[in-house]
Amino acid sequence: MSEIYRSTTTAPVNIAVIKYWGKRDPKLNLPTNSSLSVTLSQADLRTLTTASCSPTYPTGDTLLINGQSQDVSGARTQACFHALRELRKDIEYEKPEVPRLSHFPLHIVSENNFPTAAGLASSAAGFAALVRAIADLYELPTDPTELSRIARQGSGSACRSLFGGYVGWERGTRMDGKDSMAFQVAPASHWPDMRALILVVSAAKKGVSSTTGMQTTVATSTLFPMRPKEVVPRRMKEMAKAITDKDFETFAKVTMMDSNSFHASCLDTYPPIFYLNDVSRAAIKAVEVINAAAGKIIAAYTFDAGPNAVIYYLAEHEAAIAGLFKAILGDKDGWENERGAAIQANAAAV
Ligand code: PMV
């Protein structure tokens with residue numbers, strides 16, 4: 001018998017407006033602070049993943065991302081495989097008639113429809129899709145909250161990609177991480193006209209990985225402790241209210257301030273971490289020019305662990321924002337590169 005069991009799923013990218021930065025437990029990927037993000041539309045930026053297993057596969061799990069074989073021996077990937085296998089074993093124990101899939105090697109094949117190493121949260125969509133594909137393959141209960149606890153162990157931000165719309169990640173207080181999981185603040189349909197313009201400033205792999213960066217920031221920055229202590233808890237409340245009230249100005253202001261705070265902590269790290277470059281700073285200026293011209297805040301920038309800008313705005317300002325960005329940044333290096341000028345994504349459209 002050469003039966004192959006297979007399941008395919010997709011997971012979208014999410015971009016945080018309140019940033020996760022800092023681990024209180026690096027092994028379980030428990031964060032020092034809660035965070036909040038917007039899940040982008042599957043149509044724009046997503047990972048497509050097929051998980052399969054078979055008794056006929058050669059020994060050893062494999063993972064292919066965009067056709068390239070990946071090392072699966074890392075603790076993160078292993079933690080996800082292990083947690084999912086354990087849940088499958090429970091089913092196999094209770095129902096001896098089901099095939100013993102937990103014992104078969106896993107083959108995971110994943111493809112991104114965006115540059116993998118461009119700092120576009122590829123690990124978030126990647127681990128979310130990996131966990132859901134295996135959960136479907138194993139016929140596990142696919143409650144996104146439960147899966148978010150597992151995906152978190154692959155990549156922290158991945159836990160938020162299991163929900164659409166506006167998504168929080170509760171830091172939790174337990175040592176075992178059972179209360180550190182994602183939750184939906186509001187579905188995409190609550191505020192469907194949110195848009196995200198992603199400026200691919202550089203498609204190069206980031207200089208300092210988020211894991212290394214976080215550890216060094218936690219260990220050395222004097223600014224950082226303010227974030228988990230008071231800055232982020234206050235902003236989590238402000239942001240959730242702004243989303244509930246569809247108050248774009250507050251949403252935008254808090255988004256920009258939190259990005260600034262995160263990058264200030266990076267600069268305050270020793271040795272310093274610089275994720276922003278001159279084009280990133282030009283994008284910040286452009287947003288300031290747009291908002292000044294409008295006489296109110298109609299655009300918000302945010303940057304993850306890399307120079308690429310994500311600009312949030314409402315659909316009604318599409319022409320003003322996308323048009324002005326092109327006009328202001330059109331002559332700068334990095335605005336147009338071989339990957340095209342920018343990726344324009346529908347935010348919160350899932
Ligand atoms: O999920 P990680 O470990 O790659 O960390 C992501 C950290 C940021 O993207 C900078 C912020 C966030 O909340 O997504």
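Within the range 211-240, being farther than 13 Å from S265 by Cβ and either surrounded by 21 or more Cβ atoms within 10 Å (Cβ to Cβ) or not assigned by TED's automatic domain parsing to the domain that holds A264 (or both) holds for R235, M236, M239.
The single condition among (1) within 17 Å of the chain's Cα centre (by Cα); (2) of a type in the set (A, V, I, L, M); (3) assigned by TED's automatic domain parsing to the domain that holds P271 that L130 does not meet is (3).
Selection within the range 2-53: residues that are within 13 Å of the ligand (Cβ to nearest atom) and among the basic types (K, R). The member of this set that is nearest to the chain's Cα centre (by Cα) is K19. From the list L162, L140, L147, L130, the lone residue that is surrounded by fewer than 24 Cβ atoms within 10 Å (Cβ to Cβ), aliphatic (A, V, I, L, M), on the phi < 0 side of the Ramachandran plot and away from the ligand (no atom under 11 Å from the Cβ) is L140. Being out of contact with any strand residue (DSSP E or B) (no Cβ under 7 Å at 6 or more places or on another chain) and crowded, with 18+ Cβ neighbours inside 10 Å holds for only one residue in L45, L84, L63, and it is L84.
For the range 96-127, filtering for residues that are at pLDDT 95 or above, in a loop (DSSP other than H, G, I, E, B) and in contact with a helix residue (DSSP H, G or I) (Cβ under 7 Å, 6 or more places away or on another chain) leaves 2.
Against the test of being over 27 Å from P58 (Cβ atoms) and touching a residue at least 24 places away in the same chain (Cβ under 8 Å), the options G172, G126 yield a single qualifying residue, G172.
Filtering V218, V185, V167, V208 for residues that are part of a loop (DSSP other than H, G, I, E, B) and of a type in the set (A, V, I, L, M, F, W, C) leaves a single hit, V208.
The values are calculated or read from the model by the stated rules, or taken from the named source; none is laboratory data. Values in this document were obtained by computation on a predicted structure and should not be read as measured data. Using ideal geometry, Cβ is built from the backbone for each residue, glycine included, and neighbour counts are taken over all protein chains shown.
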